[in-house]
There are 2 protein chains.
Amino acid sequence: MQAALDAFVEHGFHGTSMRDIARRAGTAVSHSYYYFASKGELLRTLMVRVTEDLLRELDHAATSADPVDRLAALVRAHVLFHTERQAESFVGNSELRSLAPDERTAIVALRDRVSDHFKTAIDDGIQQDRFTAARRDEAVLAVATMCTAVAGWYRADGSRTPHEIADAYAALILNMLRPE
Amino acid sequence: MQAALDAFVEHGFHGTSMRDIARRAGTAVSHSYYYFASKGELLRTLMVRVTEDLLRELDHAATSADPVDRLAALVRAHVLFHTERQAESFVGNSELRSLAPDERTAIVALRDRVSDHFKTAIDDGIQQDRFTAARRDEAVLAVATMCTAVAGWYRADGSRTPHEIADAYAALILNMLRPE
């Protein structure tokens, strides 16, 4: 799976063959097919795993009854995850279209649960007048996409630590949702 | 170029051959090579064109001396462009890694100019105490990535028009940058 991930990052799913993956893993092609019925099955497995792990982090973060605290914790956990699991997150976002429709179903369902965490925290905050109710749908999309995009630009040798970036994003997002 | 764009959206750059592109365009492979020396040259041309067009839109939008008005106009123009030129924007963002380093140079330079529009408007706003100075670098990245990501989720048959989305994003971003 690590060999497949490296190959997908470098050449994309369609630019990678099971032969390439086997070569990187130092094993025979037949051996790879023993574990994964197809290259699509390998990609699907990678994507399910990373999305389940993200969801577990968000479940752990979403403990506060206070919607402002909860949203901040969700944003921090989401951003940290996308710096720690950068390659998998990047492949997960760029290659969803490479899966067959029936292979996508499980991942789309998991992603809906990720998105529901943000939606619920934002809606709870709106209900308590802690967040503005204006532009709610766009706010949900803006929050999810800006946090996900961190996997695209984060550099381990950059000037900010993952925790600093996570804190900055939480503050930016709480500002964005402040009642007007 | 339209045939190449359609193929890249559907199968990715590495999953597409010059033969596929020629077939879609209803022409001979030799004819395609007459215009483009390689598949990479085709991708590079597509990406330069879409980034130059985006830059032209932002140049036209960035007329106000007032940094708040200017940033709002830039965000609106950027979001509208990413709904109108959705396929090219998506390929431009997902396939930059598919270009050889020397093919990337021109595009990275153009993108820096796109990013400079946002940076300058935000810095001018900070200098006039219209925007918060906290988290400036993360704010620049958050603004650019959330606007770019619209190309990933926008649906022409969705409940919001491009102009409504553009207005909502401008308002969200101005809120995000309000002095605390």
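Contact order, relative form, for the range B:50-129: 45 percent (alpha carbon pairs under 8 Å, 6 or more residues apart, mean separation divided by residue count).
If I model the protein assembly as shown as equal point scatterers sitting on the Cα atoms and use the Debye formula, what is log10 I(q)/I(0) at q = 0.11, 0.15 Å⁻¹? The Debye formula, applied to the Cα set alone, gives -0.80, -1.42. When the solvent-accessible area of the range A:1-57 is split by element, carbon and sulfur atoms take up 49 percent of it, the probe being 1.4 Å. For the range B:1-50, the Cα-based Rg and Dmax, in that order, read 9.7, 26 Å. Largest mean-square fluctuation among B:Ala62, B:Ala37, B:Ala72, in a Gaussian network model of chain B whose springs join Cα atoms under 10 Å apart, belongs to B:Ala37.
On the principal axes of its alpha carbon atoms, the range B:52-127 extends 39, 25, 16 Å, with the longest extent given first. Per residue, the accessible area of the protein assembly as shown comes to 46 Å² when a 1.4 Å probe rolls over the protein heavy atoms. Accessible surface buried at the B:A interface totals approximately 2900 Å², computed with a 1.4 Å probe on protein heavy atoms.
For the range B:42-175, the ratio of Cα radius of gyration to the globular rule of thumb 2.2 N^0.38 Å stands at 1.05.
The convex hull of the Cα atoms of the range B:116-180, projected and averaged over all directions, covers 4.7 nm². Expressed in Å, the radius of gyration and Dmax of the Cα atoms of the range B:1-84 are 17.2, 53.
Computed from Cα atoms alone, the Kirkwood hydrodynamic radius reported for the range B:109-150 is 10.7 Å. The relative contact order of the range B:34-180 comes to 36 percent, based on Cα pairs under 8 Å that sit 6 or more residues apart. Counting, for every residue in B:1-13, the Cβ atoms of other protein chains within 10 Å of its Cβ and taking the mean gives 2. Ordering B:Ile126, B:Ile173 by accessible surface, largest first, gives B:Ile126, B:Ile173; the 1.4 Å probe counts only protein heavy atoms, with every chain in place.
Here the accessible area is traced with a 1.4 Å probe on the protein chains. For the range B:62-180, carbon and sulfur cover 51 percent of it.
Here is how far apart the A:Pro179 label points are across copies: 2.3 nm, shortest first, using a point 7 Å from Cα toward Cβ.
Spacing of the modelled spin labels on B:Asp112 and A:Thr161, each 7 Å from Cα toward Cβ, amounts to 3.1 nm. Among A:Thr27, A:Thr148, A:Thr83, the largest mean-square fluctuation in a Gaussian network model of chain A, built with springs joining Cα atoms closer than 10 Å, belongs to A:Thr27. In this assembly of identical copies, the label point of A:Ala37 (Cα plus 7 Å along Cα-to-Cβ) is separated from its counterparts by 4.6 nm, sorted shortest first.
The values are calculated or read from the model by the stated rules, or taken from the named source; none is laboratory data. Note that this is a predicted model, so its numbers are computed, not measured. Every residue, glycine as well, gets a Cβ built from its backbone with ideal geometry; the counts of neighbours run over all protein chains shown. Calculation scope for accessible area: heavy atoms of the full protein, side chains included, ligands and nucleic acids excluded. Shrake-Rupley method; radii C 1.70, N 1.55, O 1.52, S 1.80 Å.
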